[in-house]
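The values are calculated or read from the model by the stated rules, or taken from the named source; none is laboratory data. These numbers were taken from a predicted model, which means no experiment stands behind them. With ideal geometry, Cβ positions are generated from the backbone for all residues, glycine too; neighbour counts draw on all protein chains shown. Quick note on the areas: whole protein, heavy atoms, side chains included, nothing else; ligands and nucleic acids left out. Shrake-Rupley method; radii C 1.70, N 1.55, O 1.52, S 1.80 Å.
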Amino acid sequence: MNPIYDLHTHSTASDGTLTPGLLVRRAAAAGVTVLALTDHDTTEGLAEAGAVARELGIALVPGVEISVTWGARTVHIVGLNLDIGNPVLRTGLAGLMNFRAWRAEEIGRRLAKHGIAQAYEGAKALSNGILIGRTHFARFLVHRRLAADTGDVFKRFLTNGKPGYVAGQWATLDAAVGWIRAAGGQAVVAHPARYGLTRTRVQALLGEFREHGGVALEVVTGSHSRDDAFTFARHAREQRLLASAGSDFHGPENPWLELGRLPTLPEGCTPIWHDWRHLASDSDPALANPGASRTALGG
């Protein structure tokens, strides 16, 4: 059987709704054989996820999704195959977590001025108590029936010009890639279609990313359409970048987005896992010969 890769997922260590252990169990039940846990700006869930992965016999790739400010917008860089004990990586992520803690309190203060009391406390109760993100505020406001869904919350409360908006102060692109490389990992531009960049700006981002030592682009992901996948497969080829695939799974409350349920990479892509021999084991020799996922994009 060909291995099934899902290289972008989230747990309650950041803004997912499943604990790291339950995430791994759900991935295994879905047939995923190589899973990366890539929580936002933290690696805290990896110990629990690793223990369950060993129990179930699936390969866990230590990862993270780093928030970056580039060109006056926020982009995300996934790091895979990390040494999570690396001091450079740990120091960099600690700085981002400190900012996240302040930002959560400031969002609460700004929403309070807008007449929404206890938003910080409500968001904290829906989080792990350490990383409190905008998604936790969105879930709280939906629970309070102040918005129809989380998308509605972002439009009305949490984007630029709205009452709960706080501008991000994230890592630079070169710093984020540098932390990942220092930890022995591979840097990947996450869900590039989400940034709304023109072709020229995409080329600028990817060119700068590659110059700093980035190696891959997320071609197939939960928020990408079929056309997006082909577009970014072409960018990956043009920029000589490897191609990655990950669901960006946050929890089972989004039934249209399931772990491992990803199309294959478009023809001509070199998958990031093409030389991941370190994942091969006697019990699962297929991991030494990476193949396609279950569903094909076609063409």
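With every protein chain present, what is the per residue accessible area of the chain (1.4 Å probe, Å²)?
Details: 13060 Å² over 299 residues.
Result: 44 Å² of accessible area for each residue.
Would you look at the GNM of the chain, springs on alpha carbons closer than 10 Å, and say which of P266, P87, P255 moves the most?
P255
Please compute the length gained on full extension between A94 and A117, using 0.36 nm multiplied by the number of residues separating them and subtracting their Cα-Cα distance. Intermediate results must be reported in sequence, preceding the final value.
Working: separation 23, 0.36 × 23 = 8.28 nm, distance 2.89 nm.
Going from the current span to full extension adds 5.4 nm.
What list of ³J(HN,Hα) couplings, whole Hz, do you get for segment 45-50 from phi and the Karplus terms 6.51, -1.76, 1.60, once you set θ to phi - 60° and write x for glycine and proline?
Values per residue, Gly and Pro as x: x, 6, 5, 5, 4, x Hz.
How charged is the neighbourhood of I84? Take every other residue with its Cβ under 10 Å from the Cβ of I84, and add Lys/Arg as +1 and Asp/Glu as -1.
Details: positive: R90; negative: E44, D83.
Taking every Cβ under 10 Å from that of I84, the sum is -1.
Ranking request for peptides 52-64, 103-115, 177-189: highest mean number of other beta-carbon atoms within 10 Å first, then the rest in descending order. Before the final figure, lay out each step's value.
Working: 52-64: 19.9, 103-115: 16.6, 177-189: 23.5.
Per-residue mean Cβ counts within 10 Å order the peptides as 177-189, 52-64, 103-115.
What is the distance in Å between the Cα centres of segment 193-241 and segment 87-115?
28 Å
Would you work out if segment 207-256 is rounded, prolate or oblate? Take a ≥ b ≥ c from the square roots of the eigenvalues of the alpha-carbon gyration tensor; rounded if a/c is under 1.5, else prolate when a/b is larger than b/c, oblate otherwise.
Oblate, because a/c is 1.5 or more while a/b does not exceed b/c.
Can you list the residues, at least 5 places off or on another chain, whose amide H is less than 5 Å from the amide H of G214, using H built in the peptide plane?
none
Per-residue HN-Hα couplings for segment 188-193, Karplus 6.51 cos²θ - 1.76 cosθ + 1.60 at θ = phi - 60°, whole Hz, x for Gly and Pro?
Rounded to whole hertz, the list is 10, 6, 7, 4, x, 5.
Could you list the square roots of 5 times each eigenvalue of the Cα gyration tensor of segment 1-160, that is, the equivalent ellipsoid semi-axes, sorted largest first and rounded to whole Å? Please report the intermediate quantities before stating the final value.
Working: eigenvalues 180, 67, 38 Å².
Working through the eigenvalues yields semi-axes of 30, 18, 14 Å.
Treating the beta-carbon of each Lys and Arg as +1 and of each Asp and Glu as -1, no other charges, what is the dipole magnitude of segment 9-63 about its Cα centre, to the nearest 20 debye?
Values: 3 positive and 6 negative charges, 58 e Å.
Value, rounded to 20: 280 debye.
Show me the three semi-axes of the equivalent ellipsoid for the chain, from the C-alpha gyration tensor (sqrt of 5 times each eigenvalue), largest first, rounded to whole Å.
Working: eigenvalues 184, 94, 71 Å².
Working from the Cα gyration tensor, I get semi-axes of 30, 22, 19 Å.
If amide hydrogens are placed 1.01 Å from N in the peptide plane, which non-local residues have theirs closer than 5 Å to the one on V61?
For V61, the qualifying residues are L35, A36, L37.
Calculate for the chain the 222 nm mean residue ellipticity that helices alone would give, adding -39,500 (n - 2.57) per DSSP H run of length 4 or more and normalising by residue count, nearest 500 deg cm²/dmol.
Details: 9 runs with 105 residues, N = 299.
When only DSSP H runs of four or more count, the value is -11000 deg cm²/dmol.
Taking every pair of Cα atoms in segment 163-265, average 1/r, invert it to obtain the Kirkwood radius, and report Rg/Rh to two decimals. Show your work: numbers first, answer last.
Details: Rg = 14.6 Å, Rh = 14.8 Å.
Reported Rg/Rh, Kirkwood definition of Rh: 0.99.
For R156 and A204 in one chain, what is 0.36 nm times their gap in residues minus the Cα-Cα distance, to one decimal in nm? Don't skip to the answer; put the middle values down first.
Values: separation 48, 0.36 × 48 = 17.28 nm, distance 3.13 nm.
Length gained, R156 through A204: 14.2 nm.
Using the Karplus curve 6.51 cos²θ - 1.76 cosθ + 1.60 with θ = phi - 60°, work out ³J(HN,Hα) for each residue of segment 106-123 in order, rounded to whole Hz, and write x for Gly and Pro.
Values, residue by residue: 5, 4, x, 5, 5, 5, 4, 5, 8, x, 9, 7, 6, 5, 4, 4, x, 5 Hz.
Based on the alpha carbon coordinates of segment 107-227, what radius of gyration and maximum Cα-Cα distance (Dmax) apply, in Å?
Answer for segment 107-227, Rg first and Dmax second: 17.6, 47 Å.
Segment 16-51 to segment 145-175: how many Å between their Cα centroids?
Taking the Cα centre of each part, segment 16-51 and segment 145-175 sit 26 Å apart.
With the dipole of the chain worked out from charges on the C-beta (+1 for Lys and Arg, -1 for Asp and Glu) around the Cα centre, which of F157, L23, A245 lies farthest toward the positive end?
F157
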